[in-house]
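Dumping the structure here so I can ask a few things about it.
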Amino acid sequence: MRTGFIGLGYIGKLMALRLPAAALETTVFDIVAAPMQELVGAGAKAAASPAEVAAACDVVGICVQTDAQVRAVIGGEDGLLAGAKPGLVIVIHSTILPSTAVAMNDLAEKQGVLVVDACVSGNTRSADVKFKLYVGGEAARVEAIRPYLTAIAEDRVIHVGPLGSGCKAKICLNLVTYLQWLAAFEGSMLARGAGLGIEMFEQVGRSNGQLTDMMCAYLAAHKLPEAALKSEAYQNYVVTQMHNAEKDLACALDLARDAGVALPGAALVSQLMARIYLIDDPKRR
C-alpha cells in the first residue's frame with residue numbers, strides 16, 4: 001500500500017512517522033520544510049504539492065487545522081483531486097464539521113475518489129503516543145485502508161458509523177475535555193483562593209476520582225512560574241491551542257443546532273478558553 005500524509009504539524013508529524021516505521025511506502029507534504037525533512041530522514045519521500053502526493057499514493061491522510069484548510073488541500077488548485085487517480089482514498093484526521101467531510105466526499109466521488117473521516121486523539125505529551133482513531137465511512141472503505149489505520153493506531157481503531165461519524169464522535173469528546181478543564185480551573189482557583197493550595201486540591205480530587213488524568217495534566221500549567229507562563233514561546237503555544245479549542249467548540253455548537261440540542265455549557269466554555277489557557281491578554285480574559 002502506497003501511503004501519503006499532508007499536514008506535519010504537532011500531531012500530524014507524529015502520525016506520519018508511523019507510516020514508514022510500518023514499512024509502508026510514504027509520500028508527505030507540508031508548507032513548512034523542517035518536518036518534511038524529518039520525514040525524509042525517516043524513510044518517506046517529499047512532494048511539492050498535495051496533487052503530487054495524490055499521484056503517488058493509494059491512501060492519503062490529512063491533518064490540518066480548519067474546515068477551510070481541508071477544502072483547500074482536497075479541492076484547491078494543486079489539491080489532492082488535481083493529481084488523484086480513481087480509487088484513491090482520502091482520510092481526514094482533522095476535527096471538522098461532519099458536513100464538510102460529506103461535501104468533500106461528494107466532490108471526490110465525481111473523480112472516483114473516496115473519503116473517510118478518521119479523527120484522532122492521543123496524549124502527545126507521552127513519549128510513546130497511543131493514538132486512537134474514530135472512523136466514519138462505509139465498512140468496505142474502512143477495511144480497504146486497514147493497514148494504514150493500524151500503522152498509526154494499532155488496534156485502537158473504532159469504526160463509529162457512516163461518513164461524518166468520526167467527526168461527530170471527536171466533537172463530542174472534545175466538548176467533554178473542555179468542560180473538564182473549566183471544572184479543574186475553577187475548582188483550583190477556589191482552592192487557592194481559600195488557602196487550600198493546588199497540590200492539596202489535586203490530592204483530595206484524586207482520592208475520590210473526581211479529578212481525572214486529563215484534568216491533572218491540564219493543571220500542570222498552573223504550577224509553572226509566572227515568568228514561564230508569560231514567556232513568548234509559551235504564549236505562542238497556548239494561543240494556538242486556544243484557537244483550536246474555540247474552533248472545536250464552534251463545531252460542537254453548529255452540530256448541536258443541526259441536532260436540535262441545547263448546549264449552554266458549550267456556549268459558556270467557548271467564551272472562557274483564553275482564561276482557561278492562561279492567555280496573557282486582558283481583553284480576552
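The values are calculated or read from the model by the stated rules, or taken from the named source; none is laboratory data. Because the structure is a prediction, the values reported are computed rather than measured. Don't worry about glycine lacking a Cβ; one is built from the backbone with ideal geometry, like all the others, and counts go over all protein chains shown.
Within the range 25-44, take every residue that is in contact with a helix residue (DSSP H, G or I) (Cβ under 9 Å, 6 or more places away or on another chain) and surrounded by fewer than 18 Cβ atoms within 10 Å (Cβ to Cβ) and give me the one that is farthest from Gly9 (Cα to Cα).
The qualifying residue farthest from Gly9 (Cα to Cα) is Glu25.
Regarding the range 235-255, can at least one residue be identified that is under 15 Å from Asp280 (Cβ atoms) and surrounded by fewer than 12 Cβ atoms within 10 Å (Cβ to Cβ)?
Yes, there is a match, as at least one residue in the range 235-255 is under 15 Å from Asp280 (Cβ atoms) and surrounded by fewer than 12 Cβ atoms within 10 Å (Cβ to Cβ).
Okay, next question. Taking the range 1-49 as the search range and keeping residues that are hydroxyl-bearing (Ser, Thr, Tyr) and over 23 Å from Pro147 (Cβ atoms), which one is modelled with the highest pLDDT? Break it down stepwise before answering.
First pass over the range 1-49, keeping only residues hydroxyl-bearing (Ser, Thr, Tyr): 3, 10, 26-27, 49.
Checking the rest, the ones that are also over 23 Å from Pro147 (Cβ atoms) come to 10, 49.
On the way: Tyr10: 87, Ser49: 97.
This residue is Ser49.
While we're on this one: Quick check: is even one residue across the range 146-167 of a type in the set (Lys, Arg), surrounded by 18 or more Cβ atoms within 10 Å (Cβ to Cβ) and either in the same structural domain as Thr26 (by TED's automatic domain parsing) or modelled with pLDDT of 95 or more (or both)? Talk me through it step by step, then tell me what you get.
Taking the range 146-167 and keeping what is of a type in the set (Lys, Arg), we get 146, 156.
The next check asks that each one be surrounded by 18 or more Cβ atoms within 10 Å (Cβ to Cβ); those that pass are none.
No, the range 146-167 contains no residue that is of a type in the set (Lys, Arg), surrounded by 18 or more Cβ atoms within 10 Å (Cβ to Cβ) and either in the same structural domain as Thr26 (by TED's automatic domain parsing) or modelled with pLDDT of 95 or more (or both).
Surrounded by 15 or more Cβ atoms within 10 Å (Cβ to Cβ) and at pLDDT 95 or above: which single residue out of Ala228, Ala184 fits that description? Before the answer, list the steps.
Details: Ala228 fails: surrounded by 15 or more Cβ atoms within 10 Å (Cβ to Cβ).
Criteria check complete, one pass: Ala184.
For the range 178-285, please list each of the helices (runs of 4 or more DSSP H) lying entirely inside it that holds at least 3 residues being under 30 Å from Gly9 (Cα atoms) and among the charged types (D, E, K, R). Walk me through it before giving the result.
Working: elements: 198-207, 213-219, 226-229, 232-259, 264-270, 273-276.
Per the criteria, 232-259.
Which of the residues spanning the range 170-196 are aliphatic (A, V, I, L, M) and free of Cβ contacts under 8 Å to residues at least 40 places away in the same chain? Outline the logic, then answer.
First, the residues of the range 170-196 that are aliphatic (A, V, I, L, M): 171, 173, 175-176, 179, 182-184, 189-191, 194, 196.
If the condition is that a residue be aliphatic (A, V, I, L, M) and free of Cβ contacts under 8 Å to residues at least 40 places away in the same chain, then Val176, Ala183, Ala184, Met189, Leu190, Ala191, Ala194, Leu196 are the ones that fit.
Return yes when Ile152 is more than 21 Å from Ala252 (Cα to Cα) and in a strand (DSSP E or B) and no when it is not. Full working, then the answer.
Values: more than 21 Å from Ala252 (Cα to Cα): yes; in a strand (DSSP E or B): no.
No.
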